[in-house]
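Enquirer: Please read through the structure below; I'll follow up with questions.
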Amino acid sequence: MENNEIIGLVPWPVAAATAVWFGVMAYKSGKNFVLWAIGGAVLGLVLTTLVMGLGQATFIPYHTGEIAIFRIKLAAVAVIIVVCAGWLFTGSLHRRLSSAWKKKAAAPEAGARPPAATPKP
């Protein structure tokens with residue numbers, strides 16, 4: 001019989017990475033990073049578990065060699081879904097970060113001189 005341990009192991013690193021991603025984005029935009037990190041961990045854990053569980057339930061292998069390749073593909077699909085959903089859920093943080101970056105880029109440097117005024121006739 002095959003071993004299903006990898007199905008139980010994949011969601012946890014994905015949840016940890018999502019928590020770090022959400023926490024860092026919230027910290028940079030001045031939001032409560034602890035709550036965002038917890039939300040990211042829950043999002044990553046739930047979505048990855050659902051994708052891995054549903055994929056495993058629908059898969060009927062013909063050869064035992066197909067199992068490992070299928071699980072790798074399933075883990076990749078789960079990560080892609082978590083990244084897409086995470087990008088959507090952190091939309092409010094993206095706007096704050098992009099506006100902060102635009103302000104920083106638009107501010108003149110300390111050593112820069114203003115352009116010379118042209119005399120009016």
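Enquirer: If I filter region 23-46 for residues that are loosely packed, with under 15 Cβ neighbours inside 10 Å, within 18 Å of the chain's Cα centre (by Cα) and closer than 16 Å to Trp87 by Cβ, do I get at least one hit?
Expert: yes
Enquirer: Further, regarding this structure: Out of Leu97, Leu88, Leu93, report the one residue that is surrounded by 14 or more Cβ atoms within 10 Å (Cβ to Cβ), at pLDDT 65 or above and closer than 27 Å to Leu43 by Cα.
Expert: Being surrounded by 14 or more Cβ atoms within 10 Å (Cβ to Cβ), at pLDDT 65 or above and closer than 27 Å to Leu43 by Cα holds for just one of Leu97, Leu88, Leu93, which is Leu93.
Enquirer: Could you give every pair whose Cβ atoms fall below 6 Å, whose first residue belongs to region 48-72 and is loosely packed, with under 13 Cβ neighbours inside 10 Å, and whose second residue is of a type in the set (Val, Ile, Thr), counting only separations of at least 6 or pairs across chains?
Expert: Pro61/Ile67
The values are calculated or read from the model by the stated rules, or taken from the named source; none is laboratory data. Predicted model, so just to flag it, every value in this text is computed and none were measured. Note: ideal-geometry Cβ built from the backbone for every residue, glycine included; neighbour counts use all protein chains shown.
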